[in-house]
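The values are calculated or read from the model by the stated rules, or taken from the named source; none is laboratory data. All values reported here derive from a predicted model rather than from experimental measurement. Don't worry about glycine lacking a Cβ; one is built from the backbone with ideal geometry, like all the others, and counts go over all protein chains shown.
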Amino acid sequence: MSYCTAIETMQSEEKKALHKNYHDNYYGFPLHDDNELFCRLVMEINQAGLSWETILKKEASFRKAYNNFDIKKVAAYTEKDRERLLADAGIIRNRLKINAAIENAKTILTLQAEFGSFEKWLEYHHPKRKEEWVKLFKNTFRFTGGEIVNEFLMSIGYLPEAHSQNCSIYDKTLKAKPMWLNK
């Protein structure tokens, strides 16, 4: 079931509103800020095994806990920060996911030094098939399996199919010029 169809079939108005805002304004649209790209990656990693609704409800808490996803600050986290995050009920308290966020921030700093930005690193490797992206991410980042990589790249406009052609947001995403148009 596509994300577009899932929203249409939701029962609760609260759930619909939460998902609709993300669907209509963020999902499938290009991101050009490295901290926001990092945010999306961390959110996708934390969604593994959970519902996207859970992650959307916790977004503000994630932003607060991870210094608004400031890559330099997260990369400098110490063991004390790891323990703080593990004790924070506002986020997903999973040691592997927390460690992945910190280590992935360090990796992004390295990519920024080499390519100028995380976004430029992504652009450098575009276009790729999903399988090639997954292999690249698994070799570069922590806690990045196939579904995480697929959702991350669809959510930022690097892979198609975030929205079906009959979705009301499809044309809006096309106007934003997602990278998948540049094959």
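Look at region 151-172 and say how many of its residues are closer than 17 Å to residue 123 by Cβ and either assigned to a loop (DSSP other than H, G, I, E, B) or among the small types (Gly, Ala, Ser) (or both).
Count: 6.
Give region 129-145 a look and list any residue that's surrounded by fewer than 16 Cβ atoms within 10 Å (Cβ to Cβ) and either in contact with a Phe, Trp or Tyr (Cβ under 9 Å, 6 or more places away or on another chain) or under 15 Å from residue 34 (Cα atoms) (or both), or say none.
Of everything in region 129-145, those that are surrounded by fewer than 16 Cβ atoms within 10 Å (Cβ to Cβ) and either in contact with a Phe, Trp or Tyr (Cβ under 9 Å, 6 or more places away or on another chain) or under 15 Å from residue 34 (Cα atoms) (or both) turn out to be 140, 145.
List, please: which pairs have Cβ atoms under 8 Å, are six or more places apart or on different chains, and start with a residue in region 11-33 that is touching a residue at least 12 places away in the same chain (Cβ under 8 Å) and exposed (fewer than 12 other Cβ atoms within 10 Å of the Cβ) and end with one that is of a type outside the set (S, T, N, Q) and in a helix (DSSP H, G or I)?
Sorted first by the residue in region 11-33, then by its partner, the pairs are 32/119.
Note down all Cβ pairs under 9 Å where the first residue falls in region 114-133 and is closer than 13 Å to residue 183 by Cα, the second is of a type in the set (Asp, Glu) and not in a loop (DSSP other than H, G, I, E, B), and they're at least six residues apart or on different chains.
Note: pairs meeting the criteria are 125/132.
Across region 156-182, what is the total count of residues that are closer than 17 Å to residue 119 by Cα and of a type in the set (Lys, Arg)?
1
Can you confirm whether residue 95 is basic (Lys, Arg), under 16 Å from residue 45 (Cα atoms) and modelled with pLDDT of 95 or more?
Criteria met by residue 95.
For a quick check of your reading of the model, give me the residue pairs whose first member lies in region 83-101 and is more than 20 Å from residue 72 (Cβ to Cβ), whose second is of a type in the set (D, E, K, R) and at pLDDT 95 or above, with beta-carbon atoms closer than 6 Å and at least 6 apart or on different chains.
From residues that are more than 20 Å from residue 72 (Cβ to Cβ), the pairs are 86/93.
Let's see how each residue does on (1) more than 22 Å from residue 59 (Cα to Cα); (2) out of contact with any Lys or Arg (no Cβ under 8 Å at 6 or more places or on another chain); (3) among the hydrophobic types (A, V, I, L, M, F, W, C):
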| residue | (1), (2), (3) |
| --- | --- |
| 76 | no, yes, yes |
| 111 | yes, yes, yes |
| 119 | no, yes, no |
| 127 | yes, no, no |
| 134 | yes, yes, yes |
| 143 | no, no, yes |
| 164 | yes, yes, no |
